[in-house]
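Heads up: the structure comes next, in structure tokens.
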Amino acid sequence: DLNAIQAGLRAYDPTGGEGGFGNFVAQHQQAIAFGASLVAGTAVSILTWGAATPWVAGALDVEATSLGIVGTATVGAISGTAGGAASGFAYSAALGASPLQIAEATGENALFGGFTGGVLGAAGGWVGNLLGGEIAVENQVGLYTTRIRWGLQEINVRPAGIGFWGERIPQTNPEVEAYELQVNANNESYYLPHPRGGYVQFENLIGSTLQDGKLIMSTTSIYHVAELPSFAQQAVLGEATRQMEAAIANGLQVQWLVSDEAAVTQLQTLLQNNAIDIMVTYFPRTLP
């Protein structure tokens, strides 16, 4: 309520005049206008962080990175200059300044706003390119930047979250090979660190769920656990425990994708009876 604000300012204005209210309006207008310049510069930073276009074009392209930072700083400076100029003009004009004073205030605020917007834009460009580069590399299927040891094998991998996407070990059985590719068509595996050392391999990672495929090819499969002796069940429980330990240590969950409905039921019972929290889901294989 402007009338109430004006009445309050008049009550506290020692001169009893309109000066308090006029200054309040002028400062309020300046705050809005200059705030817009900072918001514009910050918006440039946020947009650049989200897009990170130079990195998408070339993950380690220094020239593209530099162009992204310079371009973002330029746009930030332009938006900051415009907001700063508007701020200086609004404030000085509201105070009834002379044309010369208005011009000086507009110019000074334009310079300051341009500098601030440019700095914000450059910072946003740098952070955007850096984080965008990590995202681009993480999502680039088949691009590997380092190696890890998995068992006796050296695996080419790239960092991805808390683990690594890496080369999938091909299966000699063509049916198993096809089933693994059905689980993850990118022909990669996800390698998750285990708290006691080494890595646990999974076919896929979707969100926070690690997926492991189990193709059942006969009624004597080790995953028909209810029909096998206890030592065979212990082998399955050992595999499940190691996977669950790695997942829990890294804030993830495990899902087994099983091609046989009877095996699904038997595995669910075995894991539940042994307090192993792994989802077991029926995932039929797709015939060619």
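A few points about this structure:
- Area accessible to solvent at residue 168, 1.4 Å probe radius, in Å²: 20 Å²
- In this structure, the amide hydrogen of residue 204, modeled 1.01 Å from its nitrogen in the peptide plane, lies closer than 5 angstrom to those of 190, 211, counting only residues at least 5 positions away or on a different chain.
- Fraction of accessible area attributable to carbon and sulfur, the range 140-287 (%, probe 1.4 Å): 53 percent
- Each Lys or Arg adds one and each Asp or Glu subtracts one; over the other residues with Cβ under 12 Å from the Cβ of residue 195, this totals +1.
- Cubic angstrom per residue, convex hull over Cα atoms of the range 176-288: 103 Å³
The values are calculated or read from the model by the stated rules, or taken from the named source; none is laboratory data. From a predicted model like this one, the values you see are computed outputs, not experimental measurements. For neighbour counting, all protein chains shown are included, and Cβ atoms are generated from backbone atoms with ideal geometry for every residue, glycine included. Remember, those area values only see protein heavy atoms, side chains included, never the ligands or the DNA or RNA. Shrake-Rupley method; radii C 1.70, N 1.55, O 1.52, S 1.80 Å.
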